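Visitor: The structure that follows is given in the form of structure tokens.
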Amino acid sequence: MKKPSISETRLHPARARAPEGARSAEGPSRRSILAGGAAASLGAALPMGWARPARAAPKRGGVFRVGVHDGSSTDGWDPATTESILMIHASHVARAYLTEITNTNDLGPDLATSWEATKDDASEWRFELATNATFHDGRKVTSADVVASMMYHLAEDSASAAKPLMAGITNVRADGDHAVVFELEAGNADLPYLVSDYHLTIQPAKPDGGIEWENGIGCGPYKVTEFSPGIRCDFVRHDGWHRADEGAWFDEVKMTVLNDPNARQAAIVTGDVDAVTDIDLKTADRLAQAPGVILDDVPSGTHITMPMFCDVAPFDDVNVRLALKHAIGRQEIVDKILFGRGIVGNDHPIGPTMPYHADLPQREQDLDKARFHLKKAGHDTLSVEISVNDAILSGATNMCSLFAEQARPAGLDIKVNQEPVDGYWSNVWLKKPFCVVSWAARPTPDVMFSLAYKAGADWNESHWENERFNELLLKAKSETDDALRSEMYAEMQMLCRDDGGTIVPFFRNRTSARRDNVMHDDDIAAVWELDGARGYHRWWFA
């Protein structure tokens, strides 16, 4: 294919030259990226005098009951294979990470108290660890546990979904009992963000170098008391949590899997739960009027993907992929499926709320172009099947049916297969050649691209391989000139849009609900539901 020229793109000015202190609604601000060591001051430690915004003082007590969508009988505690929303949330409740995305979408400390790039090219990073952290069984957390936890994903035989993120890490070693050093084959200015990924939990080290993960143990704010895959997960406060002065206000947390959106809505209205992770958008306005219910509607980089296997016919022809991309009516889907709670996508995963978003020409529905590309692929008409389930998104099946109606005049016959909720992640995603997936935004483009678009990545859901894209991904990772990095990410977004195997119809708001006695700060993170899946320890009862 013709290599796109950077001159064909137009960078969004707020992303190309964001003012100091500017913050996106999701993902780190450019200031926070530079503070982590991406610019000339790479050798300076990140200051950890991190202050909360002003707020009414929280208090301890109560049982926080949450209705969670997307749980499955195949759920488990292995951090390498965490997939469902239930397990992503449960991991943030029971376990700790080196860093976290704060409620203001910046980078903050979790187990690490400070970090710095110890080489000017960001090819080596040192993290200081909290000295008072304990696992739920009382064992002290040391650097040996962090090393084992990271190497679990880096091991040659590892099947971890996080392995592509960590491909440039050559070694993780202890520096005393409470510091670790990451050695990289090349610079990575985003490493402190990378280690906040939800797979990279800190687990107890085994004598053989492995980690304990089977029983849900961790060093997070709450410890597991009951776990029934696809049904429920209960916790009590971990009194040895190293950040106890900052949160874990609830005495207990009880998660109940409510995959059906009507069940979630009924539960929050009746007060059977105190919060739900996701609501049916077609009834959101009415739900907001229910006594005692508050909606949290947060713009985000959360997006729906429709990946097509680029190595399986007919999607192995870029013209078929382009025909489908031109046939979809994005604004109509935002209006009718999201009820306006989102913005149109442009067939790449970097949304307008994220750093390095490139303001490329927006792809609109164009049935003439769809027919042109279909004809170029050698088809007058074409039938394809798409797999979906409403646990992915309330209204996802209707979205696919609407897409089928939109595409029919272009000669595209899209059959919508509604798959069972249980086992969707293990039996459909990464297995069937055309399906629907929901992705939370990752804090930086490198993390998102490395997980789902890099050649060979376990979660490369479209099997897409583009030599130029992978070349740019490697270069951008270590580029500390922000203008050059912006240009690289802009070209990568264009390659996804014009050659990639993924339709991105929209970026959706994170719309959840809580009872009015559940309090939180003015800002809440949007990277996952309920304040980045950390409302369990950040929020409190009035």
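The values are calculated or read from the model by the stated rules, or taken from the named source; none is laboratory data. Owing to the predicted nature of the structure, the values given are computational and were not obtained by experimental measurement. Heads up, the Cβs are rebuilt from the backbone with ideal geometry, glycines too, and the neighbour counts pull from every protein chain shown.
Here is a yes/no grid of residues against (1) within 25 Å of His463 (Cβ to Cβ); (2) surrounded by fewer than 20 Cβ atoms within 10 Å (Cβ to Cβ); (3) among the charged types (D, E, K, R):
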residue	(1), (2), (3)
Gln362	no, yes, no
Asp368	no, yes, yes
Gly378	yes, yes, no
Ile386	yes, no, no
Ala391	yes, no, no
Ser394	no, no, no
Pro409	no, yes, no
Ser426	yes, yes, no
Cys435	yes, no, no
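Visitor: When you go through Thr480, Thr511 one by one, which is the residue that is assigned to a strand (DSSP E or B) and either in contact with a Pro (Cβ under 7 Å, 6 or more places away or on another chain) or β-branched (Val, Ile, Thr) (or both)?
Guide: Being assigned to a strand (DSSP E or B) and either in contact with a Pro (Cβ under 7 Å, 6 or more places away or on another chain) or β-branched (Val, Ile, Thr) (or both) holds for just one of Thr480, Thr511, which is Thr511.
Visitor: Can you name the residue in segment 281-326 that is charged (D, E, K, R) and crowded, with 20+ Cβ neighbours inside 10 Å and, of all such residues, is nearest to Ala525 (Cα to Cα)?
Guide: Asp296
Visitor: I would also like to ask the following. Keeping to segment 483-503, report how many residues are in a strand (DSSP E or B) and not polar (S, T, N, Q).
Guide: The qualifying residues number 1.
Visitor: Among the residues of segment 225-246, write down those that are surrounded by 20 or more Cβ atoms within 10 Å (Cβ to Cβ) and in contact with a His (Cβ under 9 Å, 6 or more places away or on another chain).
Guide: Once the filter is applied, which keeps residues that are surrounded by 20 or more Cβ atoms within 10 Å (Cβ to Cβ) and in contact with a His (Cβ under 9 Å, 6 or more places away or on another chain), segment 225-246 yields Cys233, His238, Trp241.
Visitor: Another question, if that's okay. Applying the selection to segment 69-122, what residues are charged (D, E, K, R), assigned to a loop (DSSP other than H, G, I, E, B) and at pLDDT 95 or above?
Guide: Asp75, Asp78, Arg95, Asp110 - these are the residues of segment 69-122 that are charged (D, E, K, R), assigned to a loop (DSSP other than H, G, I, E, B) and at pLDDT 95 or above.
Visitor: How do the pairs read when you match residues in segment 226-252 that are assigned to a strand (DSSP E or B) with residues anywhere that are surrounded by 15 or more Cβ atoms within 10 Å (Cβ to Cβ) and among the aliphatic types (A, V, I, L, M), using Cβ under 6 Å and keeping only pairs 6 or more apart or on different chains?
Guide: What qualifies is Cys233/Ala90; Cys233/Met255; Phe235/Val93; Phe235/Val224; Phe235/Val253; Arg237/Ala248; Glu252/Val236.
Visitor: Something else now. Considering only residues that are β-branched (Val, Ile, Thr) and in a strand (DSSP E or B), look in segment 415-444 and name the one that is nearest to Asn398 (Cα to Cα).
Guide: Val416
Visitor: Sticking with this structure for a sec: Which one of these is in a helix (DSSP H, G or I) and free of Cβ contacts under 8 Å to residues at least 40 places away in the same chain: Arg264, Arg286?
Guide: Arg286
Visitor: All but one of (1) assigned to a helix (DSSP H, G or I); (2) buried (at least 24 other Cβ atoms within 10 Å of the Cβ); (3) in contact with a Leu (Cβ under 9 Å, 6 or more places away or on another chain) hold for Leu472; which doesn't?
Guide: Going through (1) assigned to a helix (DSSP H, G or I); (2) buried (at least 24 other Cβ atoms within 10 Å of the Cβ); (3) in contact with a Leu (Cβ under 9 Å, 6 or more places away or on another chain) one by one, Leu472 breaks only (2).
Visitor: Quickly run through segment 179-194 and pick out the residues that are in contact with a strand residue (DSSP E or B) (Cβ under 9 Å, 6 or more places away or on another chain), buried (at least 20 other Cβ atoms within 10 Å of the Cβ) and not in a helix (DSSP H, G or I).
Guide: Val180, Phe182, Leu184, Gly187, Asn188, Ala189
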